[in-house]
Amino acid sequence: MKLLIKNGVIITESDQYQADIIVSGGRIHEIRKEAATSELFDQVVEANGCYIFPGGIDPHVHMHLPSPAGFSSDDFFSGSHAALFGGTTTLIDFVTPCRGQSLTEALDRRLEEASSALTHCTFHISPIEWRDSTKDEISKCIDRGFKSFKVYMAYKQTVGLNDDHLLKVMQAVAQAGGLVVIHCEMGDEIEVLRNQYVANGNTEPIYHALSRPGHTESEAVKRAIELADQALCPLYIVHVSAKESLEHIRTAQQQGQRVYAETCPQYLLLDDRKYDGPFEQTAPYVLSPPLRKPADKEALWQALSDGTIQTVGTDHCPFMFSQKAVGRDDFRKIPNGVGGVEHRLALLFTYGVLQNRITLNQFIKLTSTNAATIFGLFPAKGNVSAGADADLVIWNPVTQCTISATSHHQNCDTNIYAGIAVEGFPEYVIKDGQLVV
Ligand code: URP
Ligand code: ZN
Ligand code: ZN
C-alpha cells in the first residue's frame, strides 16, 4: 500500500517546512519538497492547512491496573482506541509483578494483556521487592529490549521500596545499562498524615491532597537524585507536580547528572480548588501526587519552556465514579488516578503552543521526540524523516471542541477536563502507514 500525504507542514523537534510524504511498507519512504503525482498512489490524503506531527508517545499510562476498587476502567483496547483519537500512537505502560513473581514472568503476562492494544505498546518494568534473583531478572528484561525500570517511593504496603532496596535496584539497572523511572513521594510521612486526618474525622477528598503536601514530593525527588547519583544510574522522574521539586531537578541537570523529568496535563491545567465541594465533584480528582496551587502550574510551564522537564505524559489511570465512591467515607479508599490519554496533545497545543508558552518544536519534543529518545525508540519513532515508522498525526490547528465525558472515547463516566475548550485536533492519524482515525 502506497500512501501520499500532500501539502502538509511537517513539524519536527527542530524544523518546520511544507512537503509531501510518501509512505510505503509502514515506513516513511520519502519526503519531497516538490509536489508528488497523486495517480501513482493507492491512497492520497490532502493535508493542506494542517501540520504533520510524529505520532504522540505517551510515556506513562496504566491500562487495566488492578486496585482494591477494581481495575482502572480503560483496558488496552479501549485506552489505546482513545489514545489514537487524540493523536497518540505509542503507549508506555507498566509491568507490575505480584510478590514472589519474577519480572520476566510478569512481563509475559502483561504482553498477553496488551495484545488487544490498537497502538504500539511497550513497558516500564517494576521491581516491587529486592530478592536474590532481582539483579538477574533485570538483566534478562534488558536482553529482551525492556530497559526502563519503575520504582515507587510511595505505596509502601504494595509496590513501594525502601531506600536500601531502591539503591540496589538503581545499581543493578545502571550496571545493566538501563534507566530507573521513579514515583517520588515520601511514602512513610504521607502514611502518617493520612492516618492522622482520618483518625480526626477528616475523611473527604481534600484530605487526600492535604496529606501529600508539595514537600513530600520534593524531598523524595531530592533523595531519589542522591541515590541515583550514588548508583551512577540515569533517572526519569514521573509526574512532577510541585514547584519545589524543580529546583532539585535543575541543580542535578546543571551538575551533569542524567536526570529527566515528566509532568502531566492535569498539573499544568488544574489546581487544588478542584477539591472544594461535595464528594461527587471532588472524588474524580483524587490522584497522586494531588493537584497543586496555581503557582505550581506556572512553575511547571516555565520548566517546559526552559527544558527542565523533557516530557508530558498523562499517567492515564481512570476509574468509574462507582469505583471512586468506595472511598465516600474514607479518602484513603478512593482509587488514585485520572484519565487523559485522549487529550494530551490537544491540551498542550491549545494551552501551550497557542498561548505562546512553548513553541511548536518544543511541543513535538514534549509529546513525542524526547520520550522516543529517552526510552530508546528514536529514530524509528518520535521523528518525521525518511526511514522512520509511518506513525503520523495530521493535525488541523483550527478545529475547536469542548472536552466532555459523553463524547470522549475513554472508558470512564467522568472526565477531569470536561468543559475545557481545545483548539487543534487530529484530522487523520496514521499508524504503521495505515489510516486508523
Ligand atoms: O494517582 C495516580 N497517579 N495513579 C496511578 C499510579 C501512579 O502513582 O502513577
Ligand atoms: Zn505514580
Ligand atoms: Zn502512574
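The values are calculated or read from the model by the stated rules, or taken from the named source; none is laboratory data. Fair warning: this is a prediction, and the values are worked out from it, not measured in the lab. Cβ placement follows ideal geometry from the backbone for every residue including glycine, while neighbour counts extend to all protein chains displayed.
Restricting attention to the stretch 373-410, the residues that are in contact with a Phe, Trp or Tyr (Cβ under 7 Å, 6 or more places away or on another chain) and more than 20 Å from His29 (Cα to Cα) add up to 8. Among the residues making up the stretch 332-355, those that are within 14 Å of ligand 3 (Cβ to nearest atom), in a loop (DSSP other than H, G, I, E, B) and in contact with a His (Cβ under 9 Å, 6 or more places away or on another chain) are Asn336, Gly337, Gly339, Gly340, Val341. The residues of the stretch 133-150 that are farther than 10 Å from Leu103 by Cβ, touching a helix residue (DSSP H, G or I) at 6+ places or on another chain (Cβ under 9 Å) and buried (at least 23 other Cβ atoms within 10 Å of the Cβ) amount to a single one, Ser148. Note on the stretch 165-187: residues that are within 16 Å of ligand 1 (Cβ to nearest atom) and either free of Cβ contacts under 8 Å to residues at least 40 places away in the same chain or farther than 18 Å from Arg223 by Cα (or both) total 2. One residue stands out among those in the stretch 160-217 that are touching a Ser or Thr at 6+ places or on another chain (Cβ under 6 Å) and not in a helix (DSSP H, G or I): the one that is nearest to Glu280 (Cα to Cα), which is Pro205.
Collect the residues in the stretch 191-210 that are more than 12 Å from ligand 1 (Cβ to nearest atom) and within 18 Å of Ala220 (Cα to Cα), keeping them in residue-number order. Break it down stepwise before answering.
To start, the set of residues in the stretch 191-210 that are more than 12 Å from ligand 1 (Cβ to nearest atom) comprises 191-207, 210.
Residues satisfying the conditions are Glu191, Val192, Leu193, Arg194, Leu210.
One line per residue, one yes/no per condition, for (1) small (Gly, Ala, Ser); (2) within 16 Å of ligand 1 (Cβ to nearest atom):
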site: Asp272; (1), (2): no, yes
site: Tyr275; (1), (2): no, yes
site: Gln281; (1), (2): no, no
site: Val286; (1), (2): no, yes
site: Arg292; (1), (2): no, yes
site: Trp301; (1), (2): no, no
site: Leu304; (1), (2): no, no
site: Gly307; (1), (2): yes, no
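The requirement of being touching a His at 6+ places or on another chain (Cβ under 8 Å), within 16 Å of ligand 1 (Cβ to nearest atom) and either part of a helix (DSSP H, G or I) or in the same structural domain as Ala283 (by TED's automatic domain parsing) (or both) is satisfied by Tyr267. In summary, strands (runs of 3 or more DSSP E) completely within the stretch 48-129 and bearing 2 or more residues that are outside the structural domain of Ile21 (by TED's automatic domain parsing) and within 16 Å of ligand 2 (Cβ to nearest atom) occur at 88-95, 120-125. For first residues located in the stretch 333-346 and among the basic types (Lys, Arg), partners that are more than 16 Å from ligand 2 (Cβ to nearest atom) and assigned to a strand (DSSP E or B) and lie 6+ apart or on another chain with Cβ distances below 8 Å form the pairs Arg344/Gly56; Arg344/Thr88. Suppose we keep only residues that are among the hydrophobic types (A, V, I, L, M, F, W, C) and outside any helix (DSSP H, G or I) within the stretch 297-327. Which one would you say is surrounded by the fewest Cβ atoms within 10 Å (Cβ to Cβ)? Top of the filtered list is Met320. Each residue in the stretch 182-236 was checked for being of a type in the set (Gly, Ala, Ser), within 16 Å of ligand 3 (Cβ to nearest atom) and under 21 Å from the mean Cα position of the chain (by Cα), and 2 of them qualify.
Take the stretch 246-267 and flag every residue that is closer than 28 Å to Leu345 by Cα and more than 16 Å from ligand 3 (Cβ to nearest atom). Once the filter is applied, which keeps residues that are closer than 28 Å to Leu345 by Cα and more than 16 Å from ligand 3 (Cβ to nearest atom), the stretch 246-267 yields Leu246, Glu247, His248, Ile249, Arg250, Gln253, Arg258, Val259. For the stretch 55-85, name all the residues that are over 19 Å from Arg332 (Cβ atoms) and away from ligand 3 (no atom under 16 Å from the Cβ). Once the filter is applied, which keeps residues that are over 19 Å from Arg332 (Cβ atoms) and away from ligand 3 (no atom under 16 Å from the Cβ), the stretch 55-85 yields Gly55, Gly56, Asp75, Phe77, Ser78, Ser80, His81, Ala82, Leu84, Phe85.
Note on the stretch 236-264: residues that are within 15 Å of ligand 2 (Cβ to nearest atom) and not hydroxyl-bearing (Ser, Thr, Tyr) amount to 8. Only residues that are more than 16 Å from ligand 2 (Cβ to nearest atom), closer than 27 Å to Thr263 by Cβ, of a type outside the set (Val, Ile, Thr) and crowded, with 22+ Cβ neighbours inside 10 Å were counted in the stretch 151-178, giving 2.
In this structure, does Ile394 turn out to be buried (at least 21 other Cβ atoms within 10 Å of the Cβ), assigned to a strand (DSSP E or B) and at pLDDT 95 or above?
Numbers: buried (at least 21 other Cβ atoms within 10 Å of the Cβ): yes; assigned to a strand (DSSP E or B): yes; at pLDDT 95 or above: yes.
The answer is yes for Ile394.
Only one of the listed residues (Ile358, Ile374) is over 14 Å from the mean Cα position of the chain (by Cα) and within 22 Å of Asp15 (Cβ to Cβ). That residue is Ile358.
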